[in-house]
Amino acid sequence: MRSFPLPVRVLLVNQFGVNTGFYLLIPYLAMHMTEDLGLSAALVGVVLGVRNLSQQGLFLLGGTAADRLGVRGVIIAGCGVRTVGFGLFAVGDSPAVLIAAAVLSGVAGALFNPAVRAYIAVEAPPERRAEAFALFSVYAQAGALLGPVLGSVLLLVDFRLSAAVAAGIFALLTVIQALVLPARAVPPAPNSVFADVKACLANRPFMVFTLAAAGIFSSQNQLYLVLPFEASRATGWAGSVAGVFVLSTVVTLVGQVRITRRLANASRQRAIACGLLVMGLGFLAPALSYLWPVLAVPGVVIAVLGLAIGTMIAQPFVYELVPAFGGERVTGTYFGVFYLVSGAVAAVTTVLVGWVSDAGGWWACLVCAAVGVLCAATTRIPERTATWATS
């Protein structure tokens, strides 16, 4: 970490704090609204859905704002807005306040997520971009591991304390970044926002690449749908679901930087395709357990390992290549479109997986395997893009 420029180091710490604060609060939000506030499940679904829609639907806004206003200001604004949103969760108990808090927390994510990745892509040394994103993933996973643990401890006192601490973390991040992140001059944009977005959507190689890379997010979503179900089925114990997340996180913490360094000189197209293939094929193990029950527990372990290892192989290179399709000036816009399209594909895929699950978990696992294999087969990276990313 110390070998990277100051902005990259600050953003690594920022991502650790972002995930710590997020997972400290959000996993326990539904329980708070139903058990503490007595809200209906339908209203809880509205609050959670609004938060997700606000973030996923506005990624493009955050990306284009980063290109025109500067990534530093957008990152700081995003953390500040989330401070307010999480603060409202701490003091509000009416549906209107909770929905406002959900909208603000979602908009905040839409602002800083594309901007942070655009900043790292520009500030990291060209030959170490993938390694920077590998470290970024490690810090994110560490925060995702600490957050729920800290949240469960704070819940022994009160949910409002958890929300206040989460808001405090984002307030601290806002101040640190305002004081430490260097300001960069933002050159005037030669084109309108509409023109830049239109050019991005018309960039056929980029859109094909994005659709293929969306397989990573589609597969990762199964950590919340297919794999918890398979873990419970295999062990007959609901607590085994936690083991899925712990195993995935620990493997990523231990292996991410090592794998990325080992593949530093590999073909980007082959590495991303290989990662997607590993993610997809891992789901065949729990599918086979429906034929041979003795494979039930090993099948879940193999699927979790396949998902974690495949993500470690592919994701840093995906982040490395996204800005290469458009150039430095529109890095935020390309990340915004990338996240918007990937989120939409992941949502559609998850709905499909949930639908076929009614016919049996075997079918759900096969669909997940097919998504990984299909995306791996369609991965295409123009030679000039791969050259730019490592030059």
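The values are calculated or read from the model by the stated rules, or taken from the named source; none is laboratory data. Just so you know, these numbers come straight off a predicted model, no measurement behind them. Positions of Cβ are generated from backbone atoms using ideal geometry, with glycine treated the same way; all protein chains shown enter the neighbour counts. The area values use the complete protein model at the heavy-atom level, side chains included, leaving out ligands, DNA and RNA. Shrake-Rupley method; radii C 1.70, N 1.55, O 1.52, S 1.80 Å.
Per-structure values
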{"quantity": "Separation of alpha-carbon centers, the range 109-183 and the range 189-237, rounded to whole Å", "calculated": "21"}
{"quantity": "Cα convex hull volume per residue for the range 216-323 (Å³)", "calculated": "93"}
{"quantity": "Assigned charges on the beta-carbon of Lys, Arg, Asp, Glu; the range 255-391 dipole about Cα centre (debye)", "calculated": "420"}
{"quantity": "Length released on extending from Leu253 to Leu225, taking residue separation times 0.36 nm less the Cα-Cα span", "calculated": "7.8 nm"}
{"quantity": "Two-site FRET efficiency, Ser3 against Ala185, from Cβ-Cβ distance with R₀ of 35 Å, rounded to 0.05", "calculated": "0.85"}
{"quantity": "Rg/Rg_globular for the range 111-180, with Rg_globular taken as 2.2 N^0.38 Å and Rg from C-alpha atoms", "calculated": "1.38"}
{"quantity": "Residue with peak Gaussian network fluctuation, the chain [Cα springs, cutoff 10 Å], from Val322, Val46, Val373", "calculated": "Val46"}
{"quantity": "Whole-percent carbon and sulfur share, accessible surface of the chain, 1.4 Å", "calculated": "70"}
{"quantity": "Pairwise label distance in nanometres, Leu69 with Ala195, each label 7 Å out on the Cα-Cβ vector", "calculated": "2.2"}
{"quantity": "Peptides ranked, highest mean first, by Cβ atoms within 10 Å: ranges 179-191, 122-134", "calculated": "122-134, 179-191"}
{"quantity": "Per principal axis, descending, Cα span of the range 251-391 in whole Å", "calculated": "52, 31, 25"}
{"quantity": "15 Å beta-carbon shell around Leu263, net charge (K/R +1, D/E -1)", "calculated": "+4"}
{"quantity": "Net charge contributed by nearby residues that have their C-beta within less than 11 Å of Pro7 (K/R +1, D/E -1)", "calculated": "+2"}
{"quantity": "Whole-Hz couplings from phi, Karplus 6.51/-1.76/1.60, listed for the range 105-120; x for Gly and Pro", "calculated": "5, x, 4, 4, x, 5, 6, 8, 5, x, 5, 4, 5, 5, 5, 4"}
{"quantity": "Inter-label distance, nm, simple model (7 Å from Cα along the C-beta direction), Ala242/Arg380", "calculated": "4.7"}
{"quantity": "Solvent-accessible area per residue for the chain (1.4 angstrom probe, square angstrom)", "calculated": "41"}
